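Here's the structure, in structure tokens; my notes come after.
The values are calculated or read from the model by the stated rules, or taken from the named source; none is laboratory data. Everything numeric here is computed off the predicted structure, so don't read it as measured data. Quick reminder, even Gly has a Cβ in these numbers, built from the backbone with ideal geometry, and neighbours come from all protein chains shown. When the accessible area is computed, the model is the full protein with side chains, heavy atoms only, and any ligands, DNA or RNA have been set aside. Shrake-Rupley method; radii C 1.70, N 1.55, O 1.52, S 1.80 Å.
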Amino acid sequence: MELRLSEDQEFIARTAADFVKEKSPLARVRELRDKGDAIGFSRALWKEMAGLGWPGILYPEALGGAGLGFAELVLVMEELGRTLAPEPFLSTVLLAGQALARSGDEAKMKAWLPKICAGDAVLTLAHQEAGGRYDLDAVSTTAKANGAGHRLDGEKIQVLDGHVADALLIPAQTDGGIALFLLPAATTKGLTITRQQRLDGRGVALVKLEGVEAGPETQLGAPGAGRALLHDAVDRACVGLCAEMLGAMQQAFALSLAHLKEREQFGAPIGSFQALKHRAADIFIEIELCKSAVMAAARALDADSPEVPALVSLAKAKCSDGLILAANEGVQFFGGVGMTDEYDIGFYLKRARAAELSFGDAAHHRARWATLAGY
């Protein structure tokens, strides 16, 4: 695997770093939380990001995108992860957007992907259900045949950006297996969306479907293709999340190093103590391993490699452990003040806990990797 970035990729990474530093500091996340913002992110900033082409990185130029790949997208998401930027990349560009793009449904792709690339639409995939844990096949929401369409009943939890989504992709069980239905949020009768907020401040929703009439035009892709689209979209979103986690662990480590150099005890910076040097070295090693794991998964996706599922699980297991380590140790390095809201390190501890549980925790992905490897 080529470990160096190309000239174009280096430019994307620098542009993203400069933009995030200027337009999306962590103080913005704190402000959104403190004022109880109804959206949870900035639509104006999302449009600026679209102006830079970021939401369209993965999509063809004919649909308003840049025609690039995951190797480029993860560079942007890594920088956004440094300041925990809450814009809807995971929900819109990856979960719903990738399901649309991989479905082969030309009508829906042309209707929605240009809007995603332009920053004019927010979509999401409502894949989680109570009691399902991380099993994507544990779908109890039903889609019973009703004339030419279906009648949907069920409940979805932890739907990323569901409270502001223009449309939601709903996995449901049909007589032929799991199918995905694309439902407009504003006009679908029987669809109830209740906003919730995660520990890390990210906006999610509880979605209830009671007698929702879904016409044949709402079903995404060919009959019987829903399960594969669902698994594929979640794997792709998982790689994007891993890139965010990589950025977050690097920033948590940077905050920790600054404190180790500034805080004095017994007449010396605490970073000069050998025990703390060893702990900092452990974090550095984990970050470097995570960089390689994320890069490998992203490039495997671009190459359509058969190793994608295993490399996705490798990246998620490593990044879950790495971010937890960087955040936990960061709070320890700061001491008692690290537990107060005044210090930013606590935001990374909360993101670490929420991100680890998203799309499967480290134990789940280690088990998946072992199964795929034949153990």
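Summary table below
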read-out: Mean accessible surface per residue for the range 243-308, computed with a 1.4 Å probe while every protein chain stays in place, in Å²; value: 51
read-out: Quotient of Cα Rg and 2.2 N^0.38 Å for the chain, N being how many residues it contains; value: 1.00
read-out: Taking the C-alpha atoms of the range 211-300, convex hull volume expressed per residue in Å³; value: 159
read-out: Sequence of D235, D321 when ordered by accessible area, the most exposed leading, probe 1.4 angstrom; value: D321, D235
read-out: Neighbourhood charge, 11 Å Cβ-Cβ cut-off, centred on A355 and excluding it, Lys, Arg +1 and Asp, Glu -1; value: +2
read-out: Magnitude of the charge dipole, the range 223-359, Cβ model with Lys/Arg +1 and Asp/Glu -1, debye to 20; value: 100
read-out: Cα gyration tensor shape for the range 60-148, rounded if a/c is under 1.5, else prolate or oblate; value: oblate
read-out: Separation in nanometres of the label points that stand 7 Å from Cα toward Cβ, at R30 and L52; value: 2.2
read-out: Extended-chain gain in nm, criterion 0.36 nm per residue less alpha-carbon gap, D282 and T187; value: 29.0 nm
read-out: 222 nm mean residue ellipticity, helices alone, for the chain (DSSP H n ≥ 4; -39,500 (n - 2.57); rounded to 500); value: -16500 deg cm²/dmol
read-out: For the range 112-166, size of Cβ-based charge dipole, Lys and Arg +1, Asp and Glu -1, in debye; value: 140
read-out: Three-way shape call for the range 135-274 based on the alpha-carbon gyration tensor, with the a/c threshold at 1.5; value: prolate
read-out: Top of A233, A268, A121 by mean-square fluctuation, Gaussian network on the chain, Cα under 10 Å; value: A268
read-out: Carbon/sulfur fraction of accessible area - the chain, other protein chains in place, 1.4 Å, %; value: 54
read-out: Solvent-accessible surface (1.4 angstrom probe) belonging to H278, in square angstrom, nearest 10; value: 110
